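Worksheet: the structure to be examined is printed underneath.
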Amino acid sequence: MNALLSVSDKTGIVELAQALHGLGVRLLSTGGTARLLSDAGLPVTEVAELTGFPEMLDGRVKTLHPKVHGGLLARRDLPEHMAALHRHAITTIDILVVNLYPFEQTVARPGCTLEDAIENIDIGGPAMVRSGAKNWKDVAVLTDASQYAPVLGELKSAGHVSRETKFRLSVAAFNRISNYDAAISDYLSALQEDGTRSEFPAQANGRFVKLQDLRYGENPHQRAAFYRDLHPAPGSLVMAQQLQGKELSYNNIADADAAWECVKGFDGPACVIVKHANPCGVALGKDPLEAYSKAFQTDPTSAFGGIIAFNRPLDGAGAQAVAKQFVEVLMAPDFSAEALQVFAGKANVRLLKIALPPGGPRDWDNGRNLMDIKRIGSGLLMQTADNRELTVGELKVVTKKQPTPQELQDLLFAWKVAKYVKSNAIVFCKDGMTMGVGAGQMSRLDSARIASIKAQHAKLSLQGTVVASDAFFPFRDGLDVVVDAGATCVVQPGGSMRDQEVIDAANERGIAMVFTGVRHFRH
């Protein structure tokens, strides 16, 4: 057997080559890989010696030769192929170990120039990978160090690499080439004439990995699957570990994402309860138990069969409280032994353990998507994600009455919740707790009325609450509804031609109004 090893990332390559040599496999190699193997005391044949043609153009041309590609592409079951190899003194290559120039890492570095990027576009590597992967029945193609140990295991136990493994390696190889080419396309098609990079490339190349097939989609007659980004952000839902429970459904995953994205945005212990993609209860507390108890009070009816998320490890006391209601999915950074025991007898409850993101200056560090995508007929709408976080210093008070320090904190809390409520969104809050949530109505006035009705059903008083609206009140009638319900302070984006009308109404009603300057729309 002959193995050709030519890698950019040399992790584990010496150990692999030593094992192959020990199994009697002849080693072929190129450039720096060949020198590394030779320095390790291994007998290695340079590709230039194999082809009789020297490397040239600073190494750009070394493996683009019939003696390489003929050895990869020849079908061993076709006598005419084997005769052609014999006629031209070409040896077969049975194992190909290649990883590519680090293009993705290069363009991710600050200050990367076009010249740097171009020099890190691999040509010979992808060509060999394609040749070997096409002829997968005869060639085992290894494109990642994680594949070394399993292949060696088969060689040691069976003397060959199984057909099934070679096919899986071929699929992985073509996937790697596809991702590599897509990264090049994304980078180059995003370059502007002035050398800067657009956030929106001329061609968008989505790259996702399937995690699982789902039983069905949003409705039973729809088929569905769950995918993750090729390189997912830390602390995002796709990184969850399911500890117990039934298989997640399409709707479970969509609602769980809304709950997790909302809860991880709070610094203090928080609980978020989501039903049909909308938060129906959100609260802060001194611990998970208090946060859950307050969130549940907002809308006990809607909380039935909901999705519950915590941003702190769930302990036994919190678990005991949650277990009293029917819950579909329960998420937390961790679960105590007592909490796991509480749910051990509720086999259908899906427990998801998700580490919180590490935090940092970038959206990525906080587990946030960089882009939002919406599918439309034969196309996509793409936008930068709504990751804006407001601070007290950015709030603009536009009325005579000033918010109290507590009201300002509640305004920020309400604003965070409104981001995850379907537009038109109205959120009443007080003391770090949602008191009434109105979502998804065509009229903001109706959302305000629904939020008030929800509070009445939950026997919660809206007196002294603050209200967040994801967009401006276009008329004073919506403002009158929330003030009549008991609100004393309103936060909204501002920016309407009728802002002055609403400000005058707020002054007339004796409440504080604060403008954010930004909107939140969630459809």
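The values are calculated or read from the model by the stated rules, or taken from the named source; none is laboratory data. Predicted model, so just to flag it, every value in this text is computed and none were measured. Here the Cβ is made from the backbone with ideal geometry for all residues, glycine too, and neighbour counts use every protein chain on show. Accessible surface areas use protein heavy atoms only, side chains included; no ligands, DNA or RNA. Shrake-Rupley method; radii C 1.70, N 1.55, O 1.52, S 1.80 Å.
What number of residues within the range 228-262 are outside any loop (DSSP other than H, G, I, E, B), under 28 Å from Leu390 (Cβ atoms) and free of Cβ contacts under 8 Å to residues at least 60 places away in the same chain? Outline the logic, then answer.
Going residue by residue through the range 228-262, those that are outside any loop (DSSP other than H, G, I, E, B) are 228-229, 237-239, 241-244, 250-262.
Checking the rest, the ones that are also under 28 Å from Leu390 (Cβ atoms) come to 229, 237-239, 254-262.
Then keep just the ones that are free of Cβ contacts under 8 Å to residues at least 60 places away in the same chain; that gives 229, 238, 254, 257.
The total comes to 4.
Kindly provide the set of residues from the range 432-483 that are surrounded by 17 or more Cβ atoms within 10 Å (Cβ to Cβ), free of Cβ contacts under 8 Å to residues at least 24 places away in the same chain and either of a type in the set (Gly, Ala, Ser) or closer than 19 Å to Gly510 by Cβ (or both), ordered by number.
Hits for the range 432-483 are Gly438, Ser447.
Would a scan of the range 329-345 turn up a residue that is assigned to a helix (DSSP H, G or I), modelled with pLDDT of 95 or more and under 28 Å from Thr391 (Cα atoms)?
Checked against the condition, which is being assigned to a helix (DSSP H, G or I), modelled with pLDDT of 95 or more and under 28 Å from Thr391 (Cα atoms), the range 329-345 yields no hits at all.
Within the range 188-215, restricting attention to residues that are open to solvent by 80 Å² or more (accessible area, probe 1.4 Å) and part of a loop (DSSP other than H, G, I, E, B), which residue is modelled with the highest pLDDT? Steps first, answer last, please.
Of the range 188-215, the ones open to solvent by 80 Å² or more (accessible area, probe 1.4 Å) are 192-194, 197, 199-200, 202-203, 208, 210, 213, 215.
Next, only the ones that are part of a loop (DSSP other than H, G, I, E, B) stay: 192-194, 199-200, 202-203, 215.
On the way: Gln192: 88, Glu193: 83, Asp194: 83, Glu199: 87, Phe200: 89, Ala202: 88, Gln203: 89, Arg215: 92.
Once the filter is applied, the top-ranked residue is Arg215.
Checking Ile177 against (1) in contact with a helix residue (DSSP H, G or I) (Cβ under 7 Å, 6 or more places away or on another chain); (2) part of a helix (DSSP H, G or I); (3) over 18 Å from Asp122 (Cβ atoms), only one condition comes out false. Which one?
If we test Ile177 against (1) in contact with a helix residue (DSSP H, G or I) (Cβ under 7 Å, 6 or more places away or on another chain); (2) part of a helix (DSSP H, G or I); (3) over 18 Å from Asp122 (Cβ atoms), just (3) comes out false.
Each row is one residue, and each column tells you yes or no for (1) modelled with pLDDT under 90; (2) under 37 Å from the mean Cα position of the chain (by Cα).
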| position | (1), (2) |
| --- | --- |
| Pro54 | yes, no |
| Lys62 | yes, no |
| Asp77 | yes, no |
| Ala83 | no, no |
| Leu96 | no, yes |
| Asn99 | no, yes |
| Pro102 | no, yes |
| Thr106 | no, yes |
| Arg109 | yes, yes |
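Name the residue that is most open to solvent (accessible area, probe 1.4 Å), counting only residues in the range 274-295 that are under 15 Å from Val417 (Cβ atoms) and hydrophobic (A, V, I, L, M, F, W, C).
It comes out as Leu284.
Here's a check for you: in the range 78-102, which residue that is among the aliphatic types (A, V, I, L, M) and free of Cβ contacts under 8 Å to residues at least 60 places away in the same chain is nearest to Tyr187 (Cα to Cα)? Let's see the steps before the verdict.
Step one: list which residues in the range 78-102 are among the aliphatic types (A, V, I, L, M), which gives 78, 82-85, 89-90, 93, 95-98, 100.
Those left that are additionally free of Cβ contacts under 8 Å to residues at least 60 places away in the same chain: 78, 82-85, 89-90.
Working: Leu78: 42, Met82: 42, Ala83: 44, Ala84: 41, Leu85: 40, Ala89: 41, Ile90: 38 Å.
Taking the candidates together, the pick is Ile90.
Starting from residues that are of a type in the set (Val, Ile, Thr) and open to solvent by 60 Å² or more (accessible area, probe 1.4 Å), keep the ones in the range 348-383 and report whichever is farthest from Gln242 (Cα to Cα).
Initial filter on the range 348-383 (of a type in the set (Val, Ile, Thr)): 349, 354, 373, 376.
With open to solvent by 60 Å² or more (accessible area, probe 1.4 Å) added as a condition, the list becomes 373, 376.
Working: Ile373: 26, Ile376: 32 Å.
Among residues in the range 348-383 that are of a type in the set (Val, Ile, Thr) and open to solvent by 60 Å² or more (accessible area, probe 1.4 Å), the one farthest from Gln242 (Cα to Cα) is Ile376.
With the structure loaded, tell me whether Ala34 is surrounded by 18 or more Cβ atoms within 10 Å (Cβ to Cβ) and over 22 Å from Ser170 (Cβ atoms) or whether it fails that test.
Considered against the rule, which asks whether it is surrounded by 18 or more Cβ atoms within 10 Å (Cβ to Cβ) and over 22 Å from Ser170 (Cβ atoms), Ala34 comes out as yes.
Would you call Leu395 modelled with pLDDT under 95, of a type outside the set (Gly, Ala, Ser), crowded, with 17+ Cβ neighbours inside 10 Å and over 30 Å from Gln203 (Cα atoms)? Give the steps one after another, and end with the answer.
Numbers: modelled with pLDDT under 95: yes; of a type outside the set (Gly, Ala, Ser): yes; crowded, with 17+ Cβ neighbours inside 10 Å: yes; over 30 Å from Gln203 (Cα atoms): yes.
Against the criterion (modelled with pLDDT under 95, of a type outside the set (Gly, Ala, Ser), crowded, with 17+ Cβ neighbours inside 10 Å and over 30 Å from Gln203 (Cα atoms)), Leu395 qualifies.
Go through the residues of the range 369-384 one by one and say whether even a single one is touching a Lys or Arg at 6+ places or on another chain (Cβ under 6 Å) and either touching a residue at least 12 places away in the same chain (Cβ under 8 Å) or part of a strand (DSSP E or B) (or both).
To start, the set of residues in the range 369-384 that are touching a Lys or Arg at 6+ places or on another chain (Cβ under 6 Å) comprises 381.
Restricting the remaining residues to those that are either touching a residue at least 12 places away in the same chain (Cβ under 8 Å) or part of a strand (DSSP E or B) (or both) gives 381.
Scanning the range 369-384, I find at least one residue that is touching a Lys or Arg at 6+ places or on another chain (Cβ under 6 Å) and either touching a residue at least 12 places away in the same chain (Cβ under 8 Å) or part of a strand (DSSP E or B) (or both), so the answer is yes.
Residue-by-condition table, conditions (1) under 17 Å from Met513 (Cα atoms); (2) part of a loop (DSSP other than H, G, I, E, B):
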site: Glu389; (1), (2): no, yes
site: Gln402; (1), (2): yes, yes
site: Gln409; (1), (2): yes, no
site: Phe413; (1), (2): yes, no
site: Val421; (1), (2): no, yes
site: Val437; (1), (2): no, no
site: Gln441; (1), (2): no, yes
site: Ala448; (1), (2): yes, no
site: Ala455; (1), (2): no, no
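Which residue out of Val7, Val14, Val44 is of a type outside the set (Phe, Trp, Tyr), surrounded by 16 or more Cβ atoms within 10 Å (Cβ to Cβ) and touching a residue at least 40 places away in the same chain (Cβ under 8 Å)?
Details: Val14 fails: touching a residue at least 40 places away in the same chain (Cβ under 8 Å); Val44 fails: touching a residue at least 40 places away in the same chain (Cβ under 8 Å).
Sole residue among the options that is of a type outside the set (Phe, Trp, Tyr), surrounded by 16 or more Cβ atoms within 10 Å (Cβ to Cβ) and touching a residue at least 40 places away in the same chain (Cβ under 8 Å): Val7.
Just checking, how many residues over the range 494-516 are part of a helix (DSSP H, G or I) and crowded, with 18+ Cβ neighbours inside 10 Å?
Within the range 494-516, the subset part of a helix (DSSP H, G or I) is 499-509.
After this cut, where a residue has to be crowded, with 18+ Cβ neighbours inside 10 Å as well, the list is 499, 502-503, 505-506, 509.
The number of residues fulfilling the criteria is 6.
Against the conditions (1) of a type outside the set (Gly, Ala, Ser); (2) open to solvent by less than 70 Å² (accessible area, probe 1.4 Å); (3) more than 21 Å from Arg130 (Cα to Cα), where does Thr51 fall short? Just the number, please.
Unmet condition: (3).
Okay, residues lined up against (1) open to solvent by 60 Å² or more (accessible area, probe 1.4 Å); (2) among the hydroxyl-bearing types (Ser, Thr, Tyr); (3) within 25 Å of Thr434 (Cα to Cα):
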residue: His221; (1), (2), (3): yes, no, no
residue: Met239; (1), (2), (3): yes, no, no
residue: Gly245; (1), (2), (3): no, no, no
residue: Ile253; (1), (2), (3): no, no, yes
residue: Val263; (1), (2), (3): no, no, yes
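Sort out which residues of the range 421-431 are buried (at least 24 other Cβ atoms within 10 Å of the Cβ) and within 26 Å of the chain's Cα centre (by Cα), and write them in order of number.
Result: Val421, Ala425.
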